[in-house]
Amino acid sequence: MAPRPAVPSGYDDEWFDAPTLDTDVSAMPAAVCRGVRKVYRTADEEVLALADVDKDFPSARVTSIVGPSGSGKSSLLRILACVDRPTEGSVLIAGTEVAGLGPRGRRMLRRTSVAYVFQNPIDNLVEYLDVTDQMKLAARLRGQRPTEAEIDRLLRTLGLEQRANHKPVQLSGGEQQRVAVACAVIGHPAIVVADEPTAELDSASAERVLQAVHDLREEGVAFILSSHDPAVVAVSDHLLRLDHGRVAESW
Ligand code: ADP
Ligand code: MG
């Protein structure tokens, strides 16, 4: 008799007989925006931050969001990161409609499917953990346990193999931000959102961080970055240019 395939614990044989889905979820974009509009209402005025934004954000690709200050980049990234909701329109993250979720559902989706990289490198890291432990913690928060080989491979890709046992204060800003990028992709969230991730870095460090993002896109996550820096366009597969909250260019 042929040996049975190894069954992952927690699953019984029915798992193998499950009907195949008609829609191939892996072929869908990691995030989709349709008709997204965002209006901020303050006591005495309304600010239209986003209007009619349509965009697909594919897995294993880098999409940059560019545009002048005040054009709506951060507003869109907050919506994609599930920390804010659109006033109107539809946002799908990993196939889930965000608009229909309450705070708890959004929190769950954020935890499993979204990674966020802050502008200031040190804000992304836990001060008392070394680089390897930062990555293990990030994975564990997504319910994953990475192998040592996986961690080593990521460190090598980022040129951080000599830094595995360093704490954040022992790293340069550029190295810290590359660790943040490694922590963002580990455990394979659907999207990694980074709002001006290179704004605090000198241009050489910024370029290495952007190259790291480019090199890690094959991990399968959809990177969504905003930036003022023209260098970001060079590592991007897709682009969304905003102007006063509207799409001025999209490819
Ligand atoms: P960017 O990131 O491209 O600089 P933002 O998304 O931060 O643009 O801002 C877009 C517009 O929305 C701006 O006019 C900004 O002043 C306004 N805005 C952003 N956040 C708020 C808020 N919380 N309340 C009111 N207006 C806001
Ligand atoms: Mg901004």
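Below is a table of values for the structure above.
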read-out: In the chain, lysine pairs with alpha-carbon atoms under 19 angstrom apart (chain gap of 8 or more, or interchain); value: 4
read-out: Per-residue [θ]222 nm for the chain (sum of -39500 (n - 2.57) over DSSP H runs n ≥ 4, rounded to 500); value: -8500 deg cm²/dmol
read-out: Local electrostatic count at L76 - Lys and Arg +1, Asp and Glu -1, tallied over other residues with Cβ under 9 Å; value: +4
read-out: Residues I186, I122 arranged by fewest to most Cβ contacts within 10 Å; value: I122, I186
read-out: Antiparallel content of DSSP bridges confined to the chain, in %, to 5; value: 55
read-out: Farthest toward positive dipole pole in region 154-215 [+1 Lys/Arg, -1 Asp/Glu at C-beta], among H214, A194, L160; value: L160
read-out: Per-bin percent of Cα-Cα distances, the chain [5 Å]; value: 1, 6, 13, 16, 18, 15, 12, 8, 6, 3, 1, 1, 0, 0, 0, 0
read-out: Nitroxide proxy distance, nm - points 7 Å out along Cα→Cβ at A204 and T42; value: 4.2
read-out: Debye, to nearest 20: dipole size of region 30-127, +1 on Lys, Arg Cβ, -1 on Asp, Glu Cβ; value: 360
read-out: Test item: Cα-centred dipole of region 141-220, Lys/Arg +1 and Asp/Glu -1 on Cβ, debye; value: 280
read-out: Packing-based order for 28-39, 187-198, using average beta carbon neighbours within 10 Å, highest first; value: 187-198, 28-39
read-out: Summed side-chain charge close to L201 - residues other than L201 whose Cβ falls under 13 Å, Lys, Arg +1, Asp, Glu -1; value: -4
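None of the figures in this text is laboratory data; all of them are computed from the coordinates on show. In this text the structure is predicted, and so the values were computed from the model without any measurement. Counting neighbours? That spans all protein chains shown, and the Cβs are built from the backbone with ideal geometry, glycine included.
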